[in-house]
């Protein structure tokens with residue numbers, strides 16, 4: 001199933017349609033994000049209600065922004081309300097597991113990068129030793 005997100009003012013929200021191609025979906029998805037970007041950057045709009053500053057809103061993916069980071073999981077206000085009550089919802093626990101795994105992978109990646117740098121330095125030293 002392909003989801004078609006309509007950004008027209010007359011639309012009450014996203015609609016589903018089996019007829020739309022994935023190309024149409026991607027185009028509509030991008031338009032919806034652009035619409036969100038435009039909406040949050042309107043100069044006369046009051047964006048002060050617990051919203052980020054307008055210059056911080058960017059509808060593009062991390063990859064399109066040149067940011068090397070995995071996308072996060074949106075927990076939402078319900079999760080935080082449950083946490084305040086002392087509950088630990090399944091979604092929150094899964095989020096914690098994922099964050100822990102990401103940290104482990106990042107540590108391992110840094111070790112690999114250190115090894116590669118050290119190895120490169122050894123190669124360069126050997127090359128310098130052989131220069132007449």
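Extension gain for the segment residue 118 to residue 31, taken as residue separation times 0.36 nm less the Cα-Cα distance, is 26.7 nm to one decimal. Quick one: grab the alpha carbon gyration tensor of region 76-132, order the square roots of its eigenvalues as a ≥ b ≥ c, and give me rounded if a/c is under 1.5, else prolate or oblate depending on whether a/b is larger than b/c. Because a/c hits 1.5 or more and a/b exceeds b/c, region 76-132 counts as prolate. Relative protection proxy for 69-75, 57-63, from highest mean packing down: 57-63, 69-75 (other beta-carbon atoms within 10 angstrom).
Bear in mind that the values in this text are calculations on the coordinates, not laboratory data. Model, not experiment: these values are computed from the prediction. Every residue, glycine as well, gets a Cβ built from its backbone with ideal geometry; the counts of neighbours run over all protein chains shown.
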